[in-house]
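Asks: Mind having a look at this structure? Questions to follow.
The values are calculated or read from the model by the stated rules, or taken from the named source; none is laboratory data. The shown structure was predicted, so the numbers you read here are calculated from the model rather than taken from an experiment. Cβ atoms come from the backbone with ideal geometry, glycine included; neighbour counts cover every protein chain shown.
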Ligand code: HGY
Ligand code: MN
Ligand code: MN
């Protein structure tokens, strides 16, 4: 069932180069609808919230007791949206794996003392709206709903319009009030890097999730005729941007355990025979140590100012997203560690360079993550792969962690 469902999801938004499933697009809505259909077929109760997050619940024993306030559920999940040309497992595996874990728990006849819930978080990748972990960020109170409603997507539509539009909230799925936090949360995800494969580990216990900071850099030069403007004295926005891109790379290389990327760059007017007058680029800067991000940011900003002054190009650097590094919660991490050690003697503890919804949920509930290896360490590409046996093992570790967490004493 796990592999069939992953295959069915991978077909939604499939392109020649991978999968394209941005929030509130036809393919992503179809993915949420498929999740709802599977959850209902598995006997789960489905709800959504105003941010577009979708919840599938396996009721706990306390749900059956009349009158008692429902105890907060133990949650798992991940996201169904993808990056451009994304792979079949980033996000989808944590959602489908969560359904599979709940199915196996239900089939086992276990009646956990708390409800268990699988969540499909909305818009984790930030592929359309300029905020990563959009749904989990609203859910955890890190971003006010009104701020998200005002976000403008790459296509010019606001979140407020899109969430109410034809590919927004699902028909026939109750919309829950507010954003009630879980008792605990565990996210199953592919590693998206090379470490586990190199170490021969099949399961990973995540220690912390790297902090990330994103910037939008606007460079204003002087457009002109490529044939008549002398080289001396040009204010070529793209030449300035090129030096800044290399300065971003240098700042990360000079700092330990820090990565920095310029993955988005737009040249205007972007014509062969016109000196570029304007460039907009975005920087993605990360480290498990926030202090290293601070240092790299200072270096990048200083070099950007120098380059702009030397070239007569206006340079503005705007911070568009900041997420501090998040350690996984000790008790949940111990439950994950026990579940992994029992199934893989070579399980390792590993920090996550990739961001996840868990870094938001960790602000409202004890949170941990389980990794399985990525073949060749490749992810955010169409040929993202994980061995089927490792996918299965991750689901087993997730089910064991959910049951242990359901029996643990949490507040709420
Ligand atoms: O960018 C990330 O780390 C995640 O895939 N959104
Ligand atoms: Mn991703
Ligand atoms: Mn992901």
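Asks: Out of curiosity, is residue 125 farther than 23 Å from residue 381 by Cβ and either in contact (Cβ under 8 Å) with a residue 40 or more places away in the chain or more than 15 Å from ligand 1 (Cβ to nearest atom) (or both)?
Replies: no
Asks: Kindly evaluate residue 326 against the criterion of being under 28 Å from residue 88 (Cβ atoms) and within 16 Å of ligand 1 (Cβ to nearest atom).
Replies: It is true that residue 326 is under 28 Å from residue 88 (Cβ atoms) and within 16 Å of ligand 1 (Cβ to nearest atom).
Asks: From (1) within 16 Å of ligand 1 (Cβ to nearest atom); (2) under 24 Å from residue 287 (Cβ atoms); (3) part of a loop (DSSP other than H, G, I, E, B), pick out the condition that doesn't hold for residue 363.
Replies: Unmet condition: (1).
Asks: Let me ask another. Give the number of residues within the stretch 332-354 that are part of a strand (DSSP E or B) and either away from ligand 1 (no atom under 16 Å from the Cβ) or surrounded by 22 or more Cβ atoms within 10 Å (Cβ to Cβ) (or both). Steps first, please.
Replies: Initial filter on the stretch 332-354 (part of a strand (DSSP E or B)): 348-352.
Filter again for either away from ligand 1 (no atom under 16 Å from the Cβ) or surrounded by 22 or more Cβ atoms within 10 Å (Cβ to Cβ) (or both), leaving 348-349, 352.
Selection size over the stretch 332-354: 3.
Asks: Condition check: in the same structural domain as residue 189 (by TED's automatic domain parsing), within 16 Å of residue 406 (Cβ to Cβ) and buried (at least 24 other Cβ atoms within 10 Å of the Cβ). Does residue 98 satisfy that?
Replies: Working: in the same structural domain as residue 189 (by TED's automatic domain parsing): yes; within 16 Å of residue 406 (Cβ to Cβ): yes; buried (at least 24 other Cβ atoms within 10 Å of the Cβ): yes.
Judged against the criteria, residue 98 is a match.
Asks: Taking residue 158 as the residue in question, decide whether it is surrounded by fewer than 17 Cβ atoms within 10 Å (Cβ to Cβ) and either assigned by TED's automatic domain parsing to the domain that holds residue 75 or under 26 Å from residue 57 (Cα atoms) (or both).
Replies: yes
Asks: Whether any residue in the stretch 113-120 is within 16 Å of ligand 1 (Cβ to nearest atom) and at positive phi is what I want to check.
Replies: For the stretch 113-120, residues within 16 Å of ligand 1 (Cβ to nearest atom) and at positive phi: absent.
Asks: Moving to a separate point now. Considering each of 201, 150 in turn, give the residue that is in contact with a helix residue (DSSP H, G or I) (Cβ under 9 Å, 6 or more places away or on another chain) and surrounded by fewer than 21 Cβ atoms within 10 Å (Cβ to Cβ). Quick ask: steps written out before the conclusion?
Replies: Numbers: 201 fails: surrounded by fewer than 21 Cβ atoms within 10 Å (Cβ to Cβ).
Step by step, each of 201, 150 is checked, and only 150 is in contact with a helix residue (DSSP H, G or I) (Cβ under 9 Å, 6 or more places away or on another chain) and surrounded by fewer than 21 Cβ atoms within 10 Å (Cβ to Cβ).
Asks: Would you mind listing the helices (runs of 4 or more DSSP H) fully within the stretch 92-155 where at least 2 residues are under 19 Å from residue 366 (Cα atoms)? Walk me through how you get there before you give the answer.
Replies: Working: elements: 92-108, 134-139, 145-149.
Hits in the stretch 92-155: 92-108, 134-139.
Asks: Sticking with this structure for a sec: With the requirement that a residue be in contact (Cβ under 8 Å) with a residue 60 or more places away in the chain and either more than 19 Å from residue 185 (Cβ to Cβ) or touching a helix residue (DSSP H, G or I) at 6+ places or on another chain (Cβ under 8 Å) (or both), what does the stretch 339-357 give you?
Replies: Of everything in the stretch 339-357, those that are in contact (Cβ under 8 Å) with a residue 60 or more places away in the chain and either more than 19 Å from residue 185 (Cβ to Cβ) or touching a helix residue (DSSP H, G or I) at 6+ places or on another chain (Cβ under 8 Å) (or both) turn out to be 339, 340, 343, 344, 346, 347, 348, 349, 350, 353, 357.
Asks: A further question follows. Would you confirm whether any residue within the stretch 159-167 is assigned to a loop (DSSP other than H, G, I, E, B), within 22 Å of residue 29 (Cα to Cα) and either within 16 Å of ligand 1 (Cβ to nearest atom) or out of contact with any helix residue (DSSP H, G or I) (no Cβ under 9 Å at 6 or more places or on another chain) (or both)?
Replies: Kept after step one, since they are assigned to a loop (DSSP other than H, G, I, E, B), are these residues of the stretch 159-167: 165-167.
With within 22 Å of residue 29 (Cα to Cα) added as a condition, the list becomes 165-167.
From what's left, either within 16 Å of ligand 1 (Cβ to nearest atom) or out of contact with any helix residue (DSSP H, G or I) (no Cβ under 9 Å at 6 or more places or on another chain) (or both): 165.
Yes, the stretch 159-167 contains a residue that is assigned to a loop (DSSP other than H, G, I, E, B), within 22 Å of residue 29 (Cα to Cα) and either within 16 Å of ligand 1 (Cβ to nearest atom) or out of contact with any helix residue (DSSP H, G or I) (no Cβ under 9 Å at 6 or more places or on another chain) (or both).
Asks: Can you pull out the residues in the stretch 263-290 that are surrounded by 19 or more Cβ atoms within 10 Å (Cβ to Cβ), more than 16 Å from ligand 2 (Cβ to nearest atom) and over 16 Å from residue 313 (Cα atoms)?
Replies: Within the stretch 263-290, 283, 285, 287, 288 meet the criteria.
Asks: Still on this structure, please answer the following. In the stretch 1-31, how many residues are farther than 26 Å from residue 389 by Cα, over 19 Å from the mean Cα position of the chain (by Cα) and assigned to a loop (DSSP other than H, G, I, E, B)?
Replies: The number of residues fulfilling the criteria is 1.
Asks: Restricting attention to the stretch 90-103, report how many residues are more than 10 Å from ligand 1 (Cβ to nearest atom) and under 12 Å from the mean Cα position of the chain (by Cα). Before the answer, list the steps.
Replies: Initial filter on the stretch 90-103 (more than 10 Å from ligand 1 (Cβ to nearest atom)): 92-103.
Right, trim to under 12 Å from the mean Cα position of the chain (by Cα) and you get 92, 94.
Of the residues in the stretch 90-103, 2 are more than 10 Å from ligand 1 (Cβ to nearest atom) and under 12 Å from the mean Cα position of the chain (by Cα).
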